[in-house]
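Notes follow once the structure below has been shown.
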Amino acid sequence: MMNAVEASERLIELVRGNDDIANHADGCDAGRMAAAENDLSVAFPPSYRRLIVEFGTWDIAGEEFLGVYQTPAMGQKLLGSVAETLDARSQYGMPSDLIVAMFDGMGGLVVLDSSQVNQEGEYPVLVWNPGIVDRESMERLGDDFGSFAFALCQRAVTRWRESD
(Lines give C-alpha, C1' and ligand atoms only; values in the text may rest on other atoms or scores of the structure.)
Protein backbone atom coordinates (compact mmCIF):
# COMPACT_ATOMS: atom_id res chain seq x y z
CA MET A 1 0.00 0.00 0.00
CA MET A 2 1.40 3.38 -0.98
CA ASN A 3 1.65 6.28 1.41
CA ALA A 4 0.24 9.77 0.79
CA VAL A 5 3.36 11.26 -0.82
CA GLU A 6 3.77 8.21 -3.07
CA ALA A 7 0.15 8.71 -4.15
CA SER A 8 1.01 12.33 -4.98
CA GLU A 9 3.94 11.12 -7.09
CA ARG A 10 1.57 8.78 -8.96
CA LEU A 11 -0.82 11.70 -9.49
CA ILE A 12 2.03 13.77 -10.94
CA GLU A 13 2.74 10.93 -13.39
CA LEU A 14 -0.98 10.72 -14.24
CA VAL A 15 -1.22 14.46 -14.98
CA ARG A 16 1.97 14.48 -17.04
CA GLY A 17 0.91 11.32 -18.91
CA ASN A 18 -2.48 12.79 -19.86
CA ASP A 19 -1.49 16.27 -20.98
CA ASP A 20 -4.32 16.31 -23.54
CA ILE A 21 -6.89 16.41 -20.69
CA ALA A 22 -4.81 18.06 -17.96
CA ASN A 23 -3.58 21.56 -17.22
CA HIS A 24 -1.22 22.88 -14.60
CA ALA A 25 0.77 25.96 -13.68
CA ASP A 26 4.55 26.13 -13.27
CA GLY A 27 4.80 25.04 -9.66
CA CYS A 28 5.38 26.91 -6.44
CA ASP A 29 8.78 27.95 -5.12
CA ALA A 30 9.85 27.80 -1.47
CA GLY A 31 9.26 31.51 -0.88
CA ARG A 32 5.70 31.42 -2.16
CA MET A 33 5.05 28.20 -0.20
CA ALA A 34 6.31 29.81 3.02
CA ALA A 35 4.18 32.91 2.37
CA ALA A 36 1.10 30.73 1.76
CA GLU A 37 1.56 28.82 5.00
CA ASN A 38 2.27 32.04 6.88
CA ASP A 39 -0.88 33.69 5.50
CA LEU A 40 -2.96 30.69 6.59
CA SER A 41 -1.11 30.17 9.91
CA VAL A 42 -0.99 26.45 9.15
CA ALA A 43 1.42 24.14 7.31
CA PHE A 44 0.34 22.13 4.30
CA PRO A 45 0.49 18.34 4.72
CA PRO A 46 3.36 16.64 2.81
CA SER A 47 1.26 15.13 -0.01
CA TYR A 48 -0.52 18.43 -0.77
CA ARG A 49 2.76 20.33 -0.50
CA ARG A 50 4.37 17.96 -3.04
CA LEU A 51 1.65 18.61 -5.62
CA ILE A 52 1.74 22.38 -5.05
CA VAL A 53 5.53 22.42 -5.47
CA GLU A 54 5.16 20.48 -8.73
CA PHE A 55 2.16 22.20 -10.29
CA GLY A 56 1.06 25.22 -8.27
CA THR A 57 -2.50 24.50 -9.39
CA TRP A 58 -3.82 21.78 -11.66
CA ASP A 59 -6.80 20.04 -13.20
CA ILE A 60 -7.30 16.74 -14.99
CA ALA A 61 -10.35 15.21 -16.65
CA GLY A 62 -12.65 17.79 -15.07
CA GLU A 63 -11.25 17.56 -11.52
CA GLU A 64 -9.87 20.96 -10.46
CA PHE A 65 -7.55 21.59 -7.52
CA LEU A 66 -6.89 25.02 -6.06
CA GLY A 67 -3.22 24.79 -5.11
CA VAL A 68 -1.23 28.02 -4.72
CA TYR A 69 -0.48 30.41 -7.56
CA GLN A 70 -0.28 34.04 -8.61
CA THR A 71 -1.33 35.90 -11.77
CA PRO A 72 -0.02 39.13 -13.29
CA ALA A 73 -3.46 40.73 -12.88
CA MET A 74 -3.58 40.01 -9.13
CA GLY A 75 0.08 40.81 -8.46
CA GLN A 76 1.52 39.40 -5.24
CA LYS A 77 -1.84 38.09 -3.96
CA LEU A 78 -1.69 34.34 -3.38
CA LEU A 79 -4.61 32.70 -5.14
CA GLY A 80 -6.09 29.21 -4.96
CA SER A 81 -6.15 27.57 -1.54
CA VAL A 82 -4.87 30.68 0.21
CA ALA A 83 -7.46 33.12 -1.16
CA GLU A 84 -10.35 30.64 -0.90
CA THR A 85 -9.43 29.61 2.66
CA LEU A 86 -9.11 33.20 3.86
CA ASP A 87 -12.41 34.12 2.15
CA ALA A 88 -14.23 31.14 3.70
CA ARG A 89 -12.86 32.03 7.13
CA SER A 90 -13.86 35.69 6.92
CA GLN A 91 -17.16 35.38 5.02
CA TYR A 92 -18.54 32.09 6.35
CA GLY A 93 -16.77 31.49 9.65
CA MET A 94 -14.87 28.43 8.51
CA PRO A 95 -12.62 27.16 11.33
CA SER A 96 -9.02 28.39 11.08
CA ASP A 97 -7.54 24.87 11.09
CA LEU A 98 -9.22 23.93 7.79
CA ILE A 99 -7.54 24.50 4.41
CA VAL A 100 -9.64 24.67 1.24
CA ALA A 101 -8.21 22.34 -1.44
CA MET A 102 -11.09 22.25 -3.97
CA PHE A 103 -14.82 22.81 -4.44
CA ASP A 104 -17.13 19.82 -4.21
CA GLY A 105 -19.46 21.04 -6.97
CA MET A 106 -22.47 21.14 -4.63
CA GLY A 107 -21.75 24.29 -2.64
CA GLY A 108 -19.33 22.70 -0.20
CA LEU A 109 -15.61 23.00 0.18
CA VAL A 110 -13.21 20.06 0.15
CA VAL A 111 -10.90 20.84 3.06
CA LEU A 112 -7.87 19.47 4.85
CA ASP A 113 -8.34 19.32 8.62
CA SER A 114 -5.04 20.29 10.26
CA SER A 115 -6.46 19.59 13.72
CA GLN A 116 -6.20 15.84 13.01
CA VAL A 117 -2.58 15.12 12.05
CA ASN A 118 -1.58 11.49 11.47
CA GLN A 119 1.87 9.93 11.98
CA GLU A 120 2.94 10.96 8.44
CA GLY A 121 1.96 14.60 9.04
CA GLU A 122 -1.11 14.21 6.81
CA TYR A 123 -4.58 15.65 7.44
CA PRO A 124 -7.92 14.01 6.67
CA VAL A 125 -9.93 15.28 3.70
CA LEU A 126 -13.44 16.47 4.64
CA VAL A 127 -16.34 18.38 3.12
CA TRP A 128 -17.16 21.62 4.92
CA ASN A 129 -20.38 23.52 4.28
CA PRO A 130 -21.00 27.03 5.65
CA GLY A 131 -22.62 26.81 9.05
CA ILE A 132 -21.18 23.41 9.98
CA VAL A 133 -19.42 23.50 13.32
CA ASP A 134 -19.55 19.85 14.38
CA ARG A 135 -16.73 17.96 12.63
CA GLU A 136 -18.44 14.65 13.32
CA SER A 137 -21.19 15.68 10.88
CA MET A 138 -18.71 16.56 8.13
CA GLU A 139 -18.33 13.99 5.35
CA ARG A 140 -14.89 12.34 5.38
CA LEU A 141 -13.56 11.83 1.85
CA GLY A 142 -10.16 10.40 2.71
CA ASP A 143 -7.44 9.91 5.28
CA ASP A 144 -4.91 12.05 3.38
CA PHE A 145 -4.83 14.37 0.38
CA GLY A 146 -2.45 12.38 -1.84
CA SER A 147 -4.45 9.15 -1.74
CA PHE A 148 -7.77 10.99 -2.08
CA ALA A 149 -6.62 13.11 -5.04
CA PHE A 150 -4.92 10.24 -6.87
CA ALA A 151 -7.97 7.96 -6.59
CA LEU A 152 -10.31 10.79 -7.66
CA CYS A 153 -8.18 11.68 -10.68
CA GLN A 154 -7.57 8.07 -11.68
CA ARG A 155 -11.37 7.48 -11.79
CA ALA A 156 -11.90 10.73 -13.71
CA VAL A 157 -9.29 9.84 -16.34
CA THR A 158 -10.72 6.32 -16.73
CA ARG A 159 -14.26 7.72 -17.22
CA TRP A 160 -12.96 10.35 -19.67
CA ARG A 161 -11.06 7.79 -21.74
CA GLU A 162 -13.96 5.34 -21.78
CA SER A 163 -16.30 8.04 -23.09
CA ASP A 164 -14.05 8.78 -26.10
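The values are calculated or read from the model by the stated rules, or taken from the named source; none is laboratory data. Model, not experiment: these values are computed from the prediction. Glycine gets a Cβ as well: all are built from the backbone with ideal geometry, and neighbour counts include every protein chain shown. These accessible areas exclude ligands, DNA and RNA; they are computed on the full protein's heavy atoms, side chains included. Shrake-Rupley method; radii C 1.70, N 1.55, O 1.52, S 1.80 Å.
Mind ordering 63-71, 23-31 by average Cβ neighbours within 10 Å, highest first?
Numbers: 63-71: 20.6, 23-31: 14.4.
Per-residue mean Cβ counts within 10 Å order the peptides as 63-71, 23-31.
Calculate the dipole size of the chain relative to its Cα centre from +1 charges on Lys and Arg beta carbons and -1 charges on Asp and Glu beta carbons; express the result in debye to the nearest 20.
Numbers: 12 positive and 27 negative charges, 37 e Å.
Result for the chain is approximately 180 debye, rounded to the nearest 20.
Please express the Cα-Cα pair-distance distribution P(r) of the range 31-96 as a list of whole percents, one per 10 Å bin, running from 0 to the bin with the greatest distance.
Going from the shortest bin to the longest, the percentages are 20, 53, 26, 1.
With a 10 Å cut-off between alpha carbons and a GNM built on the chain, which of Ala149, Ala35, Ala61 moves the most?
Among Ala149, Ala35, Ala61, the largest GNM mean-square fluctuation belongs to Ala35.
Working out 0.36 nm times the residue gap between Asn118 and Met2, then minus their Cα-Cα distance, what length gain in nm do you get to one decimal?
Fully extending the segment from Asn118 to Met2 adds 40.2 nm.
How large is the convex hull of the Cα atoms of the chain per residue, expressed in Å³ as a whole number? Walk me through the numbers on the way to the answer.
Working: hull volume 20.5 nm³, N = 164.
It comes to 125 Å³ per residue, whole-number rounded.
Mind giving me the FRET efficiency for Asp104 and Asp29? R0 is 30 Å, r the Cβ-Cβ distance, nearest 0.05 is fine.
Values: r = 29 Å, r/R0 = 0.97.
Rounded to the nearest 0.05, the efficiency is 0.55.
Could you work out how much longer the chain between Asp19 and Ser90 gets when fully extended? Use 0.36 nm per residue separation minus the Cα distance between them, nm to one decimal.
Working: separation 71, 0.36 × 71 = 25.56 nm, distance 3.62 nm.
Net length gain for the segment: 21.9 nm.
Return the inverse of the average 1/r over all pairs of distinct C-alpha atoms in the range 5-64, which is the Kirkwood hydrodynamic radius, in Å to one decimal.
Values: mean 1/r = 0.0834 Å⁻¹.
About 12.0 Å, per the Kirkwood formula over Cα pairs.
Ignoring ligands, DNA and RNA, what accessible area per residue does the range 103-164 give at 1.4 Å, in Å²? Spell out each step's value before the answer.
Details: 3430 Å² over 62 residues.
About 55 Å² of surface per residue is accessible.
Under the rule a/c < 1.5 gives rounded, and otherwise a/b versus b/c splits prolate from oblate, where does the range 85-149 land using the Cα gyration tensor? Can you show the working numbers first?
Details: a/c = 1.70, a/b = 1.46, b/c = 1.16.
Prolate, because a/c is 1.5 or more and a/b exceeds b/c.
With a point put 7 Å past each Cα toward its Cβ, work out how far Arg135 is from Arg161 in nm, to one decimal.
Each label point is offset 7 Å from its Cα along the Cβ direction, giving 3.7 nm.
Considering only protein heavy atoms and a probe of 1.4 Å, how much of the accessible area of the chain is carbon and sulfur, as a whole percent? Before the final figure, lay out the partial values.
Working: 3970 of 8190 Å².
So the carbon and sulfur contribution to the accessible surface is 48 percent.
Counting heavy atoms of the protein chains only and a 1.4 Å probe, report the per residue accessible area for the range 1-77 as a whole number of Å². Mind dumping the intermediate values first?
Working: 3900 Å² over 77 residues.
Per-residue accessible area for the range 1-77 comes out at 51 Å².
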